[in-house]
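Here's the structure, in structure tokens; my notes come after.
The values are calculated or read from the model by the stated rules, or taken from the named source; none is laboratory data. Please read all numbers here as calculations on a predicted model, not as lab measurements. Here Cβ is always computed from backbone atoms with ideal geometry, including for glycine, and neighbour counts include all displayed protein chains.
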Amino acid sequence: MISCSPSASISTRLAQLAKHPGALDRLRDYLLALTPAERDYKGLRASFDDVIAVIDAFRARDAVSALPTVFQDWFADRGWQSHDHQLAMLAAARAGQSALLTAPTGGGKTLAGFLPSLVELAEQPDFEGLHTIYISPLKALATDIRRNLETPLSEMALPITAEARTGDTPPNRRARQRENPPNILMTTPESLALLLSLEDSDRLFANAALCDS
């Protein structure tokens with residue numbers, strides 16, 4: 001029988017469980033899948049929600065701690081708190097999973113989508129070449145996304161390069177991007193198709209991940 005009083009002992013036992021990767025997620029999924037009758041049979045009565053709340057608190061703590069200190073400090077300096085969907089994107093990337101993000105306007109979608117790449121690149125300051133490709137059907141949107149990334153990159157002084165490549169990109173910049181590609185590239189389907197047709201495209205895209213819009 002599982003005792004579910006919101007006692008210190010439960011918190012202590014959950015804290016111990018939290019040390020094992022994925023254990024709290026599996027426990028939470030198991031508890032939420034129980035029917036009311038099953039909860040009663042297993043001793044999960046009035047304080048069931050309290051246990052779920054404690055589990056969620058531990059999961060949130062672990063998710064925030066996954067952010068490097070420079071990111072935590074940047075959020076704090078701006079008076080912000082990371083959104084659940086931003087941390088969920090980071091967790092999915094660390095687990096090697098693809099993810100589909102939907103969030104309302106102003107919900108930090110751009111940062112959520114790029115957060116895994118920013119964190120990984122920040123943890124690998126010697127990384128060279130193309131790491132992440134953002135594909136947008138609109139040239140203007142690709143350029144806007146690049147501008148939006150300038151703020152966190154500059155304010156955290158991250159050694160990460162981010163550029164746009166569209167039909168409006170000057171030839172000299174396109175040539176330079178081919179020879180020395182940025183870490184993050186915002187582009188369109190047409191420009192991506194041209195890049196893929198290059199003889200050295202296998203070198204350009206050897207370590208790249210895809211972020212679609």
Residue within the stretch 143-157 that is charged (D, E, K, R), assigned to a helix (DSSP H, G or I) and touching a His at 6+ places or on another chain (Cβ under 9 Å) present: no
Filtered residues of the stretch 116-152 (kept if within 18 Å of the chain's Cα centre (by Cα) and free of Cβ contacts under 8 Å to residues at least 24 places away in the same chain): GLN124, GLU150, THR151
Selected residue (only one of THR143, THR132, THR110 is touching a Pro at 6+ places or on another chain (Cβ under 9 Å) and closer than 30 Å to GLU179 by Cβ): THR132
Matching residues in the stretch 123-142 - criterion: being part of a helix (DSSP H, G or I) and either at pLDDT 95 or above or surrounded by fewer than 20 Cβ atoms within 10 Å (Cβ to Cβ) (or both): LYS139, ALA140, LEU141
Odd one out for GLY107, checked against (1) in contact (Cβ under 8 Å) with a residue 24 or more places away in the chain; (2) among the small types (Gly, Ala, Ser); (3) closer than 17 Å to LEU185 by Cα; (4) loosely packed, with under 15 Cβ neighbours inside 10 Å: (3)
Among (1) in contact with a Ser or Thr (Cβ under 6 Å, 6 or more places away or on another chain); (2) at positive phi, the one test that SER136 misses: (2)
Top-ranked residue of the stretch 158-208 - restricted to ones that are aliphatic (A, V, I, L, M) and out of contact with any helix residue (DSSP H, G or I) (no Cβ under 8 Å at 6 or more places or on another chain), ranked as farthest from ASP144 (Cα to Cα): ALA206
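So which of LEU185, LEU195 ends up being touching a Leu at 6+ places or on another chain (Cβ under 9 Å), closer than 29 Å to ALA99 by Cβ and part of a helix (DSSP H, G or I)?
On inspection, the qualifying residue turns out to be LEU195.
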Scan of the stretch 93-110 for residues that are touching a Ser or Thr at 6+ places or on another chain (Cβ under 9 Å) and on the phi < 0 side of the Ramachandran plot, ordered by number: ALA93, LYS109
